[in-house]
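Input: a single structure, listed below in structure tokens.
The values are calculated or read from the model by the stated rules, or taken from the named source; none is laboratory data. All of these numbers come straight from a predicted model, not from anything done at the bench. All Cβ positions, glycine included, derive from the backbone under ideal geometry; neighbour counts span all protein chains shown. What goes into the accessible areas is simple: the full protein's heavy atoms, side chains included, and nothing from ligands, DNA or RNA. Shrake-Rupley method; radii C 1.70, N 1.55, O 1.52, S 1.80 Å.
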Amino acid sequence: MRKIFMLVALTVAGSIIAATNAHAFLNQPTKGKNFKVNLMTAYEPCTVPNAMTDDGFDACTPPVRSNPTCGFDGGLGKVQLKSLTVGNAAFRIKVTGLDNTCEGETVNFFITFRKTGVHCGLAECTMVTVVGQPLGSCSVQNSLCSTAGSLFLPGGADQGQVEILEVYAEVNGARTFNMGLITKRP
């Protein structure tokens, strides 16, 4: 009876250790090699509300563009990233329909991200967030700005995932475009 009890106790302990180790392994989806985002006009944060939204949230009016000298004139902006190999990604950026005040300006694109994976020897780890890494730049000509290339994602080139926390653009050091969504009334 004592041998059976010990065998059961060892089996249960082994199962708990196996379950703990399995849970600790990277918990990530099986797909996610492409990332696409739209760029929107960047606005200053509302710090001193003087209005209220239709559904009861504090707001500021009028909205203040972060860069009043360059913006969209009915155009659109798209950023696409595609994982090539572990640690490397290809990017394509295209911004169209920019207003005349942007003509000749250089638009600089940035990305903020964090990597989690097997990047610390054979151990899993999450790296410190990389804030505002340059992604690429282009010069506005005929209301258009586009660039493409590859991006090395520091933090190790082993198994893992990259969380993209922010993509944005600046003109003359002023934030001009942020990633976002357009909302319309139904």
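Going through region 107-150 one residue at a time, which ones are assigned to a strand (DSSP E or B) and open to solvent by 60 Å² or more (accessible area, probe 1.4 Å)?
Arg114, Cys120, Glu124, Thr126, Val131, Pro134, Gln141, Leu144, Ser146, Ala148, Ser150
Among the residues in region 175-184, are any at pLDDT 90 or above, over 18 Å from the mean Cα position of the chain (by Cα), closer than 26 Å to Lys33 by Cβ and surrounded by 14 or more Cβ atoms within 10 Å (Cβ to Cβ)?
No: region 175-184 contains no residue that is at pLDDT 90 or above, over 18 Å from the mean Cα position of the chain (by Cα), closer than 26 Å to Lys33 by Cβ and surrounded by 14 or more Cβ atoms within 10 Å (Cβ to Cβ).
Which pairs have Cβ atoms under 9 Å, sit 6 or more apart or on different chains, and link a residue in region 123-137 that is on the phi < 0 side of the Ramachandran plot and of a type in the set (Val, Ile, Thr) to one that is modelled with pLDDT under 90 and outside any strand (DSSP E or B)?
Val128/Gly155; Val130/Leu153; Val130/Pro154; Val130/Gly155
Please go through region 151-174 and pick out each residue that is of a type in the set (A, V, I, L, M, F, W, C) and either exposed (fewer than 13 other Cβ atoms within 10 Å of the Cβ) or in a strand (DSSP E or B) (or both). Explain how you work it out, then say what you get.
To start, the set of residues in region 151-174 that are of a type in the set (A, V, I, L, M, F, W, C) comprises 151-153, 157, 162, 164-165, 167, 169, 171, 174.
Selection gives Leu151, Phe152, Val162, Ile164, Leu165, Val167, Ala169, Val171, Ala174.
Within the group Thr101, Thr106, Thr96, which residue is of a type outside the set (D, E, K, R) and touching a residue at least 60 places away in the same chain (Cβ under 8 Å)?
Result of the check over Thr101, Thr106, Thr96: Thr106.
Name every residue in region 57-76 that is in a loop (DSSP other than H, G, I, E, B) and touching a residue at least 40 places away in the same chain (Cβ under 8 Å), in order of residue number.
Ser66, Asn67, Thr69, Cys70, Gly71 - these are the residues of region 57-76 that are in a loop (DSSP other than H, G, I, E, B) and touching a residue at least 40 places away in the same chain (Cβ under 8 Å).
Any chance you could count how many residues in region 135-156 are closer than 15 Å to Tyr168 by Cα and touching a Leu at 6+ places or on another chain (Cβ under 9 Å)? Working first, answer last.
Initially, region 135-156 is screened for residues closer than 15 Å to Tyr168 by Cα, giving 135-138, 145-147.
The next check asks that each one be touching a Leu at 6+ places or on another chain (Cβ under 9 Å); those that pass are 135-136, 138, 145, 147.
So the count comes out to 5.
Cβ contacts < 7 Å: first residue on the phi < 0 side of the Ramachandran plot, restricted to region 44-55; second residue among the aliphatic types (A, V, I, L, M), any location; separation 6+ or different chain. Result?
Between residues of region 44-55 that are on the phi < 0 side of the Ramachandran plot and residues that are among the aliphatic types (A, V, I, L, M), the close pairs are Glu44/Val64; Cys46/Ala59; Pro49/Ala59; Ala51/Ala59; Met52/Ala59; Thr53/Ala59.
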